1. Restricting to the range 515-556, what's the tally of residues that are farther than 13 Å from ILE578 by Cβ, under 48 Å from the mean Cα position of the chain (by Cα) and of a type in the set (Ser, Thr, Tyr)?
2. Could you grab me the full set of residues in the range 426-474 that are outside any loop (DSSP other than H, G, I, E, B), closer than 23 Å to LEU345 by Cα and of a type outside the set (A, V, I, L, M, F, W, C)?
3. Considering the range 327-346 alone, what residues qualify as being under 23 Å from ARG404 (Cβ atoms), touching a residue at least 24 places away in the same chain (Cβ under 8 Å) and out of contact with any Lys or Arg (no Cβ under 6 Å at 6 or more places or on another chain)?
4. If you take the residues of the range 309-327 that are in a strand (DSSP E or B) and among the hydrophobic types (A, V, I, L, M, F, W, C), which of them is surrounded by the most Cβ atoms within 10 Å (Cβ to Cβ)?
5. So, in the range 330-358, exactly how many residues are within 30 Å of VAL288 (Cα to Cα), aliphatic (A, V, I, L, M) and touching a helix residue (DSSP H, G or I) at 6+ places or on another chain (Cβ under 7 Å)?
6. Test GLY746 against the stated conditions and say whether it is among the small types (Gly, Ala, Ser) and surrounded by 18 or more Cβ atoms within 10 Å (Cβ to Cβ).
7. List every residue pair whose Cβ atoms sit under 6 Å apart, with the two residues 6 or more apart in sequence or on different chains, where the first one lies in the range 736-761 and is more than 30 Å from ASN713 (Cβ to Cβ) and without any contact (Cβ under 8 Å) to a residue 40 or more places away in the chain and the second, anywhere, is aromatic (Phe, Trp, Tyr) and in a loop (DSSP other than H, G, I, E, B).
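The values are calculated or read from the model by the stated rules, or taken from the named source; none is laboratory data. Predicted, not measured: the structure shown is a model, and the values here were computed from it. Cβ placement follows ideal geometry from the backbone for every residue including glycine, while neighbour counts extend to all protein chains displayed.
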Amino acid sequence: MAKQAVEYEQVAKAAEQLKQQGKEPSLTNVAETLGLVSQPNHLVAMLEQWYKTQPEFKRSIDRPLSDNITITAKEVAEKNVELEKSLSLLRATLESTADGIMMVNGHGKVVDWNQKFVEMWRIPSRMLEVGTESISFDYILAQLKSPDQLIKDVEFLYNNPEWQGELSILHFKDGRIFERFTQPQRVGNDIVGRVYSFRDITQRSLKDDELRIRERAIEASSHGVVIVDISKSIMPIIYVNKAFERITGFTDKQVLGQNLAFIYANKLHQTNLKRLDLAFRELREETVEIESYRQNGEAFWSEISVSPVSDAMGKVRHYVCIINDITQRRDMEKQLLKQATHDSLTELPNRVLLIDRVEQAILHAKKKKSIFAFLFLDLDRFKLINDSLGHSVGDKLLQAVANRLLIATEDADTVARLGGDEFIILLQEITTEKAAQNIAENILEKLATPFQIMQHNLKITGSIGISYYPKDGSDYELLMKNADLSMYNAKDSGRNAYRIYDKELNRQVINRMQLDNALRDSLKRQEFYLVYQPLIDLTQNKLTGFEALIRWQSHLLGHVPPVNFIGTAEENGLIIEIGRWVLEEACTQLKRWHDAGFNTLSMAVNISGRQFRQTRLAEIVQEILEKTQLSPQFLELELTESLLVDDLPNAIKTMQEIKSMGVRLVIDDFGTGYSSLSYLKQFPVDKLKIDRSFIIELEDETSEAAIARAIINLGHSLNLKVLAEGIETKVQLDYIIQHGCDYAQGYYFSPPKQVHELMPIIKQYS
């Protein structure tokens, strides 16, 4: 700096500045402050002039400037103590703050910092050792995602030393986020450096992000969200989301400040609403279903879940309410409940609801010491309608029956459908057993009127079993069981009737049920076997074949005669499977005899009504013949005339299919059925079989004997062979021989025997 450029004011200012800094205003220090490389002579004179203005400095004129400045040791000590106190206070302040503090001098050099700064910036200890110049600026830059921004900020502050305030946020590579502030550091009016403060806002930023996400989620949610301020007496709504507006039709402007109850309108009496109010008072969570109203007045069902929200002090001031429109769900639940408790075809209560009704009736009867009746209705021969006319007609008939049952009963009664053609009528409002019987009679009368279903005029009857509470049962199971048994009594009595539960009468039904159950396992357990009765050719007194007859040795019931189980097998459908077994077993045995050299023998097998009516009978016969390798001409199928006239066209068709194979057909028990001569002429049969009831009376020349003669003559006139069964005496044999009968069978020749017993007879009549 040139001489003429140094003015007294500059020197005085530099000296003053040094004084304030606690430094000695010496020539060296003043020259350095002024930026002078050397100490010009005139600088001394100017500095002396300044000293004269300072009363605390005393000097001697004759001594050099450096020697003339004196200050007492006491004053220096006092100044030092005061300075140390200030510095200590400043350091304590810096270290106690939660922010990281860094100070730089006028040249940008880091000159001081607090411990928090070191921790935040993770400054290594090597940079903090005594003697190092400063914390590495490059180390700081290396931690940042965008160090260029920090460099720009430094340049800006260098060019704008007076600027103070918040700088751009720093984002670290490891995910930390710092906000920062800066202000210039002043000594007097001069800026001697800059102070920076750093605050870690990573968690706050994350929370802010999370809050924004939650706010967005609430707004985007399909659930209605309502916030209620419960600190105020009316508990006003202070927030609703868009979903609430969509669900209710109310805008936020319409609902803010109002109590949530306004959407319940005139439904304020609802029990669930009281539960909701109680939850608010008890500061707990609750979920209820409430009938509500939309803005347009439309009713809907809402599910409301409320949860308390505590503030920072732990006090509940707000409630969050979640509202969902559950109208569709309730409708579906109602529908599912109906499906679970009602019959889909008739819409009558099903077994589930019936059981509940019975249990309620029992509770009522116990309380009132009253009775009620349990009626079990089963339609008679309903399966025949299903099989012949189809299930669509059968279903419509069941619906019509259900309607008539409802007409025949009172509103307080329960009419239920168990399934199939089974109905239950629960009569609660009766005082006597006779009243229930009158209703049963009324039901049968209502059913007696023909039903017009599509183009069909259908007649149906029913069988009803009645049990009474508490006499016949104390629970649903017993009442059902005993009513069911009574219904079977009604069927056994001829159908179209009702029967009251009676232990003695129902014992027969129980035996029948036991028989039915045992019969279902009989084939699997191989309990059936065949016996064979010889068929004698009377013209040659020679064995012409055998009739196969089934026998049953049950592991539960012992020996069961055919007359006791054939009817049951016919009813439950097992006769088809049993009949096939008989046919195959008989053909197999006959083939063994043929293979043994008795190749002229034939085999007669009885075909039941249900067997005959199955659509695959001819096909089944063909399969068995092929399987056993038996020639068809040796097989005879015996058919009763009654089963043939039930459905004449189909009967003739089936007979023709079997006849075309070469199998011979026999009409069994002829004379006991309803065949006319015109029917008989249409049947492609080979033989007539005179029922044994006409043979028994032959010895007395009764009308039965005349019928026997007529049958023989009728058969021959139609070119049919005639067989008489049940021959037990020589007189009977002679009579039928005398009148030209072709074949005979009976105990006179041999009772039915098992295979191992038949060889003597085969040899006798061969």
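1. 1
2. LYS446, GLN452, HIS456, ASN457, GLY462, SER463
3. Hit for the range 327-346 is LEU345, nothing else.
4. If we take residues in the range 309-327 being in a strand (DSSP E or B) and among the hydrophobic types (A, V, I, L, M, F, W, C), then ILE323 is surrounded by the most Cβ atoms within 10 Å (Cβ to Cβ).
5. The qualifying residues number 4.
6. Yes; evaluated as a whole, the condition is true for this residue.
7. none
Each row is one residue, and each column tells you yes or no for (1) of a type outside the set (S, T, N, Q); (2) surrounded by 20 or more Cβ atoms within 10 Å (Cβ to Cβ); (3) under 22 Å from ASN442 (Cβ atoms).
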site	(1), (2), (3)
GLY462	yes, yes, yes
PRO470	yes, no, no
ILE500	yes, yes, yes
GLN508	no, no, no
GLN514	no, no, no
